[in-house]
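**Student:** First, the structure itself, so that you have it in front of you.
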C-alpha cells in the first residue's frame, strides 16, 4: 500500500512537471512565437507609422490638387506663377535685373 501511494505520488509529480512544462512552452510561444505578442506589437508600430505617412501624403496630395485647380481655373494664380517662376512681365511693364557686384 505504501509503495502504491509513493508510485501514485511520483506519477502525480511527473504529471505536474509535464503540465508546467507545457504551460511554459505555450506562454513562450505566445510571447515570442511567429504570431506572438512581440510580433503583434512590432506590426502595430509599423501600422501606426505607415498610417501617419499616408496621412501626410494625403494632405500633400490635397494641397497639390488645390494648386492644380487654381492654375486651371483662376487666371490670377496662373499669372502669379508665371511672374514668379518664369519671370513673365506684362506688355506695359519693364523688368530690371541688377547684378550684385562685391
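**Student:** Name the residues in segment 30-39 that are assigned to a helix (DSSP H, G or I) and either on the phi > 0 side of the Ramachandran plot or surrounded by fewer than 10 Cβ atoms within 10 Å (Cβ to Cβ) (or both), would you?
**Tutor:** Here is the first cut: in segment 30-39, the ones assigned to a helix (DSSP H, G or I) are 30-32, 37-39.
Those that are assigned to a helix (DSSP H, G or I) and either on the phi > 0 side of the Ramachandran plot or surrounded by fewer than 10 Cβ atoms within 10 Å (Cβ to Cβ) (or both): none in segment 30-39.
Residues checked against (1) modelled with pLDDT under 85; (2) in a loop (DSSP other than H, G, I, E, B); (3) surrounded by 10 or more Cβ atoms within 10 Å (Cβ to Cβ):
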site	(1), (2), (3)
28	yes, no, yes
42	no, no, yes
55	no, no, yes
58	no, no, yes
65	no, no, yes
91	yes, yes, no
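**Student:** Are any of the residues in segment 3-19 within 37 Å of the chain's Cα centre (by Cα) and in a helix (DSSP H, G or I)? Show your work before the answer.
**Tutor:** First, pick out the residues of segment 3-19 that are within 37 Å of the chain's Cα centre (by Cα): none.
No - not one qualifying residue is present in segment 3-19.
**Student:** Which number in (1) surrounded by 10 or more Cβ atoms within 10 Å (Cβ to Cβ); (2) at pLDDT below 90 marks the one condition that residue 50 misses?
**Tutor:** (2)
The values are calculated or read from the model by the stated rules, or taken from the named source; none is laboratory data. Note that the structure is a prediction, hence the values are computed from the model and not measured. FYI the Cβ positions are ideal-geometry reconstructions off the backbone, even for glycines, and counts take in every protein chain you see.
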